[in-house]
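We did not get these values from a lab; they are worked out from the coordinates using the rules stated. Quantities reported herein were computed from a predicted structural model and do not represent experimental measurements. No Cβ is skipped: glycine too gets one built from the backbone with ideal geometry, and neighbour counts run over all protein chains shown.
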Amino acid sequence: MTQNVPEDPRTLKGLPPLGTLETVTRISDELVRVIAPNPSPNTLDGTNTYVILDRVGGAALIVDPGPVSESHYANVKRVLDEAQVEAIGIFLTHHHLDHSETARLWSQDLGVGVSAFLARLVFGVGRVLGDDDVFELGNRKIKVVETPGHVHDHLAFQTDDGHLLAGDHILGRSTSVIAYPDGDLEKYLSSLTKVKNLGSQIILPGHGPEISEELSADVIDYYITHRHYRLAQIVSILDQDISLHVDDLTGKIYGPELPESLFLPAKQSTRASLTYLVQRDVIEVDEEERYSLI
């Protein structure tokens, strides 16, 4: 290979084993994580729903309600009841069902709007959110940060007390999928740099444990290095083979240890990397979707 495998700073510091996170965790006095009961190779521990609280004003904002689940909804409502607050809105980081499936049901039951990148088109209520929009929750302020790449409509939400609700842009363990064709590697790399330039902060991912402020910059650097490593892998593999189909390339990149359930997302990320290299005239593709170096 043309470069060494990057080291994940999260594993160097130690990660809680998969499946050991508490269902409800108080991240701070004003922020609670509730994990949906949908663990899988793709969703890791399950989807993280966040409840941002304004205890003084008696209000709360729910971010990424997740999949339909009575127990998950009961856990989130319990958080609201115990904090003696009422939900005034639902925000979505992106449209994937493991983050948004139950949004309409919750919005109807709670009597609140759903806000997202394309809220009015998708849900019919709520706000369309864009970069640098600021939402006031009582005396608190939540800033919208556009972070396309995983998918085109991805958003992150930055709180005024140093937390970034990152959705699937950055995960608590492993790396995120570039969900080609909706995902875009060039935009993803730009978004990572954009988030790093926001400064060190606690990252609250859509899946997995939180990332400490001390580790946040290192984790973002790792994500960027990891993507460039995958690009280098492709060039190295194609330097040894005349041409390869995307399926064969995916198998060579990830190896036989890749579970069958993760082959499709791995293939999506591989396609995103291949598109990135084609656009830069490093490789070319024929009508049979076989790739080769130029």
Karplus-derived 3J(HN,Hα) from phi for segment 126-141 (6.51 cos²θ - 1.76 cosθ + 1.60, θ = phi - 60°), whole Hz, x at Gly and Pro, runs x, 10, 8, 9, x, 4, 6, 4, 10, 10, 9, 10, x, 8, 8, 10
Where the centroid of each part is defined by its Cα atoms, how far is segment 200-232 from segment 55-124 in Å? 26
Grab the DSSP H runs of the chain that are 4 residues or longer, score each as -39,500 (n - 2.57), total them, divide by all residues and round the 222 nm result to the nearest 500 deg cm²/dmol. -10500 deg cm²/dmol
When the charge dipole of the chain is computed with +1 at the Cβ of Lys and Arg and -1 at the Cβ of Asp and Glu, the Cα pointing farthest to the positive end, of VAL177, LEU262, LEU155, is that of LEU155
Could you go through segment 165-179 in sequence order and give the Karplus-derived ³J(HN,Hα) for each residue, using 6.51 cos²θ - 1.76 cosθ + 1.60 with θ = phi - 60°, rounded to whole Hz, and x for Gly and Pro? 7, 9, x, 9, 5, 9, 9, x, 8, 6, 10, 7, 8, 8, 7
Near the amide H of HIS245, under 5 Å away, which other amide H atoms are found, from residues 5 or more places off or on another chain, if H is placed in the peptide plane? TYR291
About its Cα centre, what dipole magnitude does segment 9-216 give when the only charges are +1 on Lys and Arg Cβ and -1 on Asp and Glu Cβ, stated in debye to the nearest 20? 160
Just going by the charge dipole of segment 164-248, with Lys and Arg at +1 and Asp and Glu at -1 on Cβ, which of LEU231, LEU165, ILE220 is farthest out on the positive end? LEU165
Kirkwood Rh over alpha-carbon pairs of segment 228-293, then Stokes-Einstein at 20 °C and 1.002 mPa s: what D in µm² s⁻¹, rounded to an integer? 182
Within a Cβ distance under 11 Å of ALA166, other residues only, what is the Lys/Arg minus Asp/Glu net charge? -3
Unit Cα scatterers, Debye sum, segment 9-216: log10 I(q)/I(0) for q = 0.11, 0.12, 0.14 Å⁻¹: -0.45, -0.54, -0.76
What's the longest piece of the chain with no exposed trypsin sites (Lys or Arg not before Pro), counting a site as exposed if DSSP puts it in a loop and it has at most 15 other beta carbons within 10 Å? 56-279
